[in-house]
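First up is the structure itself, then whatever we jot down about it.
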Amino acid sequence: MIFADPPYFLSSGGISCHSGKQVSVDKGDWDKTLSVEQKLDFHRKWIALCRRVLKDDGTIMISATLHSVYAIGVALEMEGFSIINNIIWQKTNPAPNLACRCFTHSTETILWARKQLTIKRKGKHYFNYEKMKELNGGKQMKDFWEFEVEENPIVIKTSTAGKSQKKYGRHPTQKPTQLLERLIEAASKENDLILDPFCGSCTTGIVANQMHRKFIGIDIDDDYLELSKRRYLGGKEK
Ligand SMILES: C[S@@+](CC[C@H](N)C(=O)[O-])C[C@H]1O[C@@H](n2cnc3c(N)ncnc32)[C@H](O)[C@@H]1O
């Protein structure tokens, strides 16, 4: 299985509000805005490389915002993938909408895809249907997800990675472990090998390890790989 959380290409000097203070929404040089053509080209290149190493019965899950999801969807199909699901993850504590000129952004999309082997034949992928149904109280799991974790010692409801998941350092776009737990449970088995080509603080690797999967992570930034090591060595998180 591959999980990827590639750059969104949305860092163009925008601002938001955090704890009552004005903050930049820029994530880093790796996230600078690109043209539509450049975005599509970038996504096609890394998706093609992933396809080379993915087994025919493996699947890829890609997390995206509205800035990237459309280019990624097209790139997936152009590079020989067939989209299985379009999972919507709703954040219950989204960044405030300061300009008040559109609806408040509160969702990310996870595109789940398998290999298109020939025009008619698709990869025979694994889906842990029963476990997903169990997690959803005995009803079929739908493609719209919300999570809330309670952060101690003060109880704050959050659906993004909270303080306890950032105690070894901060990544600007760190995914919550509960999202990765569900994705990994749904699409892989114990001892499977999981690749994350944009691993950042290695949320995927931390969860993969806790769930007895093998893991390979890649990131362009050494500081994030050091943070990943600290998270791994620091032990289990809630
Ligand atoms: C959206 S973040 C991933 C965050 C990660 N899911 C986590 O939970 O921490 C994207 C990551 O891609 C990395 N990145 C950007 N361009 C890259 C490239 N060309 N090759 C490898 N990594 C890259 C960035 O350094 C950043 O850490």
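The values are calculated or read from the model by the stated rules, or taken from the named source; none is laboratory data. What you see is a predicted model; the values in this text were computed from it and never measured. So basically every Cβ, Gly included, is an ideal-geometry build from the backbone, and we count neighbours across all protein chains shown.
Each residue in the range 28-64 was checked for being surrounded by 15 or more Cβ atoms within 10 Å (Cβ to Cβ) and closer than 20 Å to Ile110 by Cα, and 18 pass. Scanning the range 1-27 for residues that are among the aliphatic types (A, V, I, L, M) and within 20 Å of the chain's Cα centre (by Cα), we see that the one that is surrounded by the most Cβ atoms within 10 Å (Cβ to Cβ) is Met1.
Beta carbons closer than 7 Å, at least 6 apart along the sequence or on distinct chains, pair a first residue in the range 226-238 that is of a type in the set (D, E, K, R) with a second that is modelled with pLDDT of 90 or more for Arg231/Ser201; Arg231/Cys202; Arg231/Ile206; Lys236/Gln210; Glu237/Thr177; Glu237/Ile206. Condition test on Thr204, is it touching a residue at least 40 places away in the same chain (Cβ under 8 Å) and crowded, with 22+ Cβ neighbours inside 10 Å? So Thr204 passes the test.
Name every residue in the range 108-121 that is at pLDDT 95 or above and surrounded by fewer than 16 Cβ atoms within 10 Å (Cβ to Cβ), in order of residue number. Listed by number, the residues that qualify are Leu117, Thr118, Arg121.
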